[in-house]
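Please read the structure below before turning to the comments.
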Amino acid sequence: MSQNLLINMFYAAPELWYIIWMIFAVLLGLLFWTSINILKLRQKNYFLNRDRERYAETLYTSKDGYLSFIYPDKKINDPRTKTREYCSRRLAVMLNLPAGTNSNFEDVLKCFYKEDTKKLQKYVDMLHDEGVSFEDVFTLKSGGKVLKLTGNRISDADGNVYCDTIWFRDISFESTQIDELEAESRKAAEKTIQLNDLIDNLAYPAWLRDENLHLRFVNRRYLDYVNAGSRDEVLQKGLEIIGANNESISRKIAESAHATIKIKKQKVNLVHNGERRSFEVTEIPFHAEQSLDKIYSVGSMSDITELDALKRNLKQHQNAHLEILGSLGTAFAVFDGKKKLAFYNRAFAKMWELENSWLESQPSYVMFLDLIREKRLLPEVPDFVMYKNEEQNDFNKIIEAKEDLLHLPDGRTLRRVRAQHPMGGLVFAFEDVTDRLATRRAYNDLISVQKEILDNMSEAVVIFAPNGRLLIYNSAYCRLWNYNEIFLQNEPTLNEVIEAAKGFFTTTNNWNELKSDIIKHLVNSETQSFTLHRNDNSEIDVTVKMLTDGSLMIVNRISRTAGE
C-alpha cells in the first residue's frame, strides 16, 4: 500500500523528487569531504604533537639546562595574563633543586653566592626590560661546579615576544682544563724567560742554526760581535760573525757538522774592541723536533786567549821540569794519553837496559812491558796477558799518586810511583831500593834482638824516641805498671804514659803537680835517678839515661815491695 503511494507521489511530482535526491547527494558529498578534512586535521595534529614531543625530548636530552620566562601571547586573546616560569629537568638535576621542574627563578638564585645572585638578578632584569642578552660564568655554592649562563630573548619575525630563556651549561671540566692550561702556559712562559736569561747571560756568543744553516736564534752576546741592535735584525739579515778573511767564522764548520752529524771545533782569531783575541768555535749538530731528517746545530764561540797563554806557559814549565828530571838519578818516564812514550831520562834507559834509538821511536807501554819481560826484568806473573791488561787499565783508574814495589828476577827491588800527567797519561818514577830495604831489614832484626834482650831482663825498661813517643818497652814494664800492651803498641807520648799510671798515686793531694814533677825529672839531663812511692806501699827506683841519638831510656826497679 505504502509502496504504491510512493510510486504515485513520484509520478505526480517527479521534479520534487529530483531536487530531494540532489540535496541528499550534496549532503552526502559534504559529509564525505568533511570527514576527509577531519581525518587530515587529526593527522596533522598528531604529527604536530609528535614534533612537539620530539623537540621537548631533544631539549631534555641536551646537556644544557634552561629556565624560561613564558609571556602571554599578544596575537590572540590569551587567557593566561601572567608570565610563567618553566624549569627543565636537566636544570633541576644540575642544580639539585628540591622542587624539581616546579622550581622557579628564586629557587635557582639560592644555589649561587650572594655576589653572584645580585649580578644574575641584574642580568635577568635587563633581559626582561630591554631584551639585553648576557653571558657569564658563575660558581655554585654546593659542589663548586662552574656554570656558564647565557640569557637571550626568543621572539617571532613580527616582534611578538615568546619567552626569555636562561641556559645553564656545566663547564667545570672545561674550566679545570683551562686553569691547568693557563698554569702550564704560565710555567712555559716562566721557563722561556729563564732559558732566555740563561742564554743571554752566557759569557760567550751562542746561536742556533736550522737544517738550511740559517740562523734561528742568537743570544745577547752575539749582538756585540755583529754590531746589531736586536735579534730580529740579526735573523732578518742573517748577520754572521766575520773573521779575518771576511768570511763567517762558523758556517763552514756548521756544514761539516751537519754532514757528519759530529761535533766540530776550530780555533779562530778575531779583532774585537781593538784587541786581537783567540776563540774556539764549536758546532754541535742534533736531530730537531725528534726528526731524523731535520738536523739543527748549536754554535758557540769561547774566548781562549788566556787559555792559550796558559798553555804556552805550561809547555815552557814542562820543558823546564823535564830538563830537571832528565838530570836526576831517579828513572823517569812519561807515557801520554795514547800510552805512547813521550819522555824518558838517562836513568830510565840505564835501569831497563834500553837503546836510545828504540826509545826515540815512541814505543807503546805494551811494547815496553813485552821488551823488559824478554830481558827478564819484569816480576814473574802467572798470567802475563791479564797483567798487561791491568797495567793498561791503570791509565784510566789512577787519580792520585800510586806507589808499589817491583821485585825483579835479578834480586833487585824497585819502588815504582805512578801519577797522572797534566796533559794526559801517566808519569812513572822508578827507584832502586834494594839496599834501603836490606838496611831496614837489618835494623828491624836489630830491634827484634834488642826487644828480646829487654824482655829477658828483670828490670822494667822503656825507651822514648826523640819525638817524645814510646819506642821500645819490655814485658817487665807492662807488669810493673799494669799497662795494656795494646795501649803501648800505639806509641803513646811520655805524658800519656805517666797519665795512665795515675791509679798508683791516688793518695796524692795534687796529681797534676806530681805528674809535672815526674816529667820534669825525666827530661832533665841532670837527673839520673829518683824514687816514686805508690799507693801499694811499694817504692820504685827510677833511673834515667839520655842515649846518643836523643832517645830517653827509663829503667824501673822495685826497691821495696808492699808489706815489707
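The numbers here are math on the coordinates, done by the rules we state, and not lab data. All values derive from a computational prediction rather than experimental measurement. Don't worry about glycine lacking a Cβ; one is built from the backbone with ideal geometry, like all the others, and counts go over all protein chains shown.
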Cα-Cα pairs above 40 Å in the chain: how many percent?
-> 73
Above-threshold pairs, the threshold being 29 Å between Cα atoms, out of Lys118/Lys187; Lys350/Lys388; Lys44/Lys148; Lys82/Lys122; Lys141/Lys191 = Lys118/Lys187; Lys44/Lys148; Lys141/Lys191
Which aspartates and glutamates, on any chain, are close to Lys267 with Cα under 15 Å apart, when same-chain ones fewer than 8 places away are left out?
-> Glu247, Glu280, Glu283, Asp303, Glu306, Asp308
By how many degrees, 0 to 90 and rounded to 10, does the Cα axis of helix 305-327 deviate from the longest principal axis of the chain?
-> 30
Pairing the Cα long axis of helix 434-455 with the longest principal axis of the chain, what angle in degrees results, from 0 to 90 and rounded to the nearest 10?
-> 70
Counting alpha carbon pairs within less than 8 Å and at least 6 residues apart, what relative contact order, in whole percent, applies to the chain?
-> 5
Folded to 0 to 90 degrees: helix 251-260 orientation relative to the chain principal axis, Cα = 90
So how do 178-184, 128-134 stack up, highest first, on mean other-Cβ count within 10 Å?
-> 128-134, 178-184
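How high is the relative contact order of the range 335-404, given as a whole-number percent (alpha carbon pairs under 8 Å, six or more residues apart)?
Averaging sequence separation for qualifying contacts and normalising by length gives 30 percent for the range 335-404.
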Debye-sum result for the range 209-316 in log10 I(q)/I(0), which assumes one identical scatterer on each alpha carbon, at q = 0.11, 0.18 Å⁻¹ | -0.39, -0.93
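For Arg436 and Asp370, compute 0.36 nm times the residue count separating them, minus their Cα-Cα distance, and round to one decimal in nm.
Full-extension gain reported as 20.9 nm.
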So what is the calculated 222 nm ellipticity per residue for the chain, using -39500 (n - 2.57) for each DSSP H run with n of 4 or more, over all residues, to the nearest 500 deg cm²/dmol?
-> -14500 deg cm²/dmol
Percent RCO, i.e. relative contact order, over the range 466-564, from Cα pairs under 8 Å lying at least 6 residues apart = 20
